[in-house]
Amino acid sequence: MDNQSGPEYSSISNHYFNFGDRDDHVKAKHFITISYIHLYNKDVVPMVTGSKNKILHYPQLDTVLMVEEFIREHSGEFRKRALWENLPKKMMYQTFCVVFDYLSDSGKIAVDREKKIAWIWNPELVRKYLQDESLFVR
């Protein structure tokens, strides 16, 4: 028996792929896009990487620098998602999360109680403390 026959397939195809007017076409395109994203996130990524936590693509240096500069200029103004939405150049949210995690882990940014992002890295202050002989690492 053909996989694309039967009442289930025909009702789905009639519901989503009947291109009688423009709205139906937009609905079908949206459905296909959502299906693709779901398949990619749930099926393909774990098969390729072995786990969902492994990074498939690392951001370029100019991307990291652009996010750093934007956070430095807008320190304390945005939450994580709003920060991503207001970046000068658009990027995938997953890429933004990789950059965000790097900046957080390296101590350059912090998240406050209201979940707003602040730039906390101050290299001049670090140099000052490193040159102070009364301070030392235990």
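Readers should treat all values here as calculations from the given coordinates under stated rules, not as data from a laboratory. Since we're looking at a predicted model, the values are computed, not measured. Cβ atoms come from the backbone with ideal geometry, glycine included; neighbour counts cover every protein chain shown.
Quick notes on this one:
- Sequence of Ser104, Ser134 once ranked by neighbouring C-beta atoms within 10 Å, starting from the fewest: Ser134, Ser104
- Trypsin sites (Lys or Arg not before Pro) restricted to the range 89-129 and DSSP loop, no more than 14 other C-beta within 10 Å: Lys89, Lys90, Arg113, Lys115
- Packing-based exposure ordering (other Cβ within 10 Å, fewest first) of Trp121, Trp84: Trp121, Trp84
- Between Asp105 and His57, the simple label model (points 7 Å from Cα in the Cβ direction) yields a spacing of 2.0 nm.
- Sites Val126 and Glu73, calculated FRET efficiency, Cβ-Cβ separation with R0 22 Å, nearest 0.05: 0.60
- Each residue of the range 113-126 was assigned a 3J(HN,Hα) from its phi angle through the Karplus expression (A = 6.51, B = -1.76, C = 1.60, θ = phi - 60°), giving 4, 8, 6, 8, 8, 10, 7, 10, 6, 9, x, 5, 5, 4 Hz with x at Gly and Pro.
- Net charge contributed by nearby residues that have their C-beta within less than 13 Å of Trp121 (K/R +1, D/E -1): -1
- Members of Lys54/Lys108; Lys54/Lys90; Lys108/Lys128; Lys89/Lys128 lying beyond 28 Å, as alpha-carbon distances in this model show: Lys89/Lys128
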